[in-house]
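All of the numbers you see were taken from the coordinates with simple rules; none came from a lab. For clarity, every value in this text was computed on a predicted model and none was experimentally measured. Positions of Cβ are backbone-derived with ideal geometry, glycine not excepted, and every protein chain shown enters the neighbour counts.
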Amino acid sequence: MRGMKIGIDFGSSSLKICTESKGVVVDEPSVAAVERDSREPIAFGNAADEILGRTSDDIELVSVIQNGVIADFSLAERMLRYYLQRVCGNRIYKPNIIIAVSTDTTSLEKKIFLDAVTLAGAGRVCIVDGILASSFGCDVEADKLGGRMTLDIGHQLTEFAVVSMGCIAACGAVRRGSGEIDSALVRHLKRDRDIVIGPHTAREIKYKITSAVKREAETALMLSGKSNLDEMPISFDVTSKEIYPFVDEQLTSLIQSIHDEMRKIPPELLADAADHGINLCGGGALIFDLAQRIEKELGIRCRIAENPRLTKVNGLCAMMKNKELLERNGYRFIFKDEIRDRLKRVDRI
């Protein structure tokens, strides 16, 4: 197959791209800085993220992906084009792209992903289930018969699957994730302490002092924000004890939603998964003691994957190198012209 093979994990919080030969080559926020009036993009990824709060009000930060689907098609296509050109350079042949989507993505949502990737410069496209990629990124072996469970907690999307013989035997998705903790922290500080913080600061709190279970030793963090009273800069401290009730509320709701979805798994597969345990991955896996809490509440042994943020994109790399695995799951690369014909047929329906 001519052309570079590229894997894309286009998530709600970050865009990760890997190549067959180099592995992960892009890991940046999936945001764009745009002019408010013209909606023209000024920067993408890290460059856009750094603009936040440092420029005039004429520029805003836009999340390109929300709840696992494209929220702004034009920005998604231009963002993908920008990074594909950066990765591919001036190669003659168009790249062959594998892109991960949620198992509950609708046909229309897949059509939008296909169209965006094709317009961005892909020669062939293969859409795969992201949770299967996460499973292989967790080193789930393709030839094992017994069911292995993977739980991927992202920013706005949580997925799980039981994989047997390299195929998804059962799966589920909840369109919510660890980003709800960020929102809860922002609301708490504004409502109860008249302090305004941005998404960067909320994530810093979440990953540095947040805990999924109550800590015996209290930890604290000094931060900067803005007073909601006079809109002037302010320094403040926040403790793990202060924020725990708000974190606990969000995690209780999230784990309950996961539990409700897992109840739909056939008993034999669930028994297999319980025997082998849960592979926990995604950015949410980095929350302190989350694996311990999931294990306690679901009653299934839970372990964190190595480098959990990159399990899905690493799994895409593994899938790119295994043509038999792709074919076994019914995945195949679709030519650009075939994609265009399919899109035309869908438009006529």
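So which GluC sites (Glu not before Pro) in segment 78-178 end up in coil per DSSP with only 12 or fewer other C-beta atoms within 10 Å?
Counting only loop positions with at most 12 other Cβ atoms within 10 Å, the GluC sites (Glu not before Pro) in segment 78-178 are GLU141.
What's the FRET efficiency of MET232 with SER183 using the Cβ-Cβ distance as r and R₀ = 35 Å, to the nearest 0.05?
After rounding to 0.05, the efficiency reads 0.90.
How far apart, in nm, are the 7 Å Cα→Cβ label points at GLU268 and GLU249?
Spacing of the two 7 Å Cα→Cβ label points: 4.4 nm.
Just flag the chymotrypsin sites (Phe, Trp or Tyr not before Pro) in segment 79-121 sitting in loop per DSSP whose Cβ has no more than 15 other Cβ atoms within 10 Å.
TYR93
Which of the helices in the chain, when you take each full DSSP H run, stretch at least 30 Å along the axis at their Cα atoms and have an average Kyte-Doolittle score of -0.5 or higher?
Qualifying helices, which must be both long enough and hydrophobic enough, are 240-262.
Count of lysine pairs in segment 141-304 with Cα atoms under 26 Å apart, counting only pairs 8 or more residues apart in sequence or on different chains?
Close lysine pairs under the 26 Å cut-off: 18.
Please report ARG309, ARG203, ARG191 as a ranked list, fewest other C-beta atoms within 10 angstrom at the top and most at the bottom.
Ranking ARG309, ARG203, ARG191 by Cβ neighbours within 10 Å, fewest first, gives ARG191, ARG203, ARG309.
Between ILE42 and ASP192, what is the FRET efficiency for a Förster distance of 45 Å, r being their Cβ-Cβ separation, to the nearest 0.05?
It comes out at approximately 0.80.
Rounded to the nearest 0.05, what FRET efficiency do SER74 and THR103 give with R0 = 22 Å and r taken as the Cβ-Cβ distance? Could you check?
My answer for the efficiency is 0.25.
For PHE335, PHE160, PHE246, PHE136, what ranking results if the residue with the fewest other Cβ atoms within 10 Å of its Cβ goes first?
Taking fewest neighbouring Cβ atoms as first place, the list is PHE335, PHE246, PHE136, PHE160.
Quick check on the exposure proxy: order ILE181, ILE70, ILE205 from fewest to most C-beta atoms within 10 angstrom.
ILE70, ILE205, ILE181
Within segment 169-202, which residues have the backbone N less than 19 Å from the label spot 7 Å out from ARG328 along Cα→beta-carbon, could you tell me?
Of the residues in segment 169-202, 169-171 have backbone N under 19 Å from the label point off ARG328.
How much net charge surrounds LYS312 when only other residues with a Cβ under 12 Å from its Cβ are counted (Lys, Arg +1; Asp, Glu -1)?
Neighbour charge sum, excluding LYS312 itself: -3.
Stretch GLU60-LYS214 to full length: gain in nm at 0.36 nm per residue minus the Cα-Cα span?
Stretched fully, the GLU60-LYS214 segment lengthens by 51.8 nm.
Can you list the lysines whose alpha carbon sits under 21 Å from that of LYS110, skipping same-chain ones fewer than 8 residues off?
LYS5, LYS16, LYS94, LYS312, LYS336, LYS344
Relative contact order, percent, of the chain when contacts are C-alpha pairs under 8 Å separated by at least 6 residues?
Answer for the chain is 19 percent.
From zero up to wherever the largest Cα-Cα distance of segment 115-221 sits, split into 10 Å bins and tell me the percent of pairs in each.
Binned Cα distances yield the sequence 12, 27, 27, 23, 10, 1.
Roughly what percent of Cα-Cα pairs across the chain reach past 38 Å?
When every Cα pair of the chain is considered, 19 percent fall beyond 38 Å.
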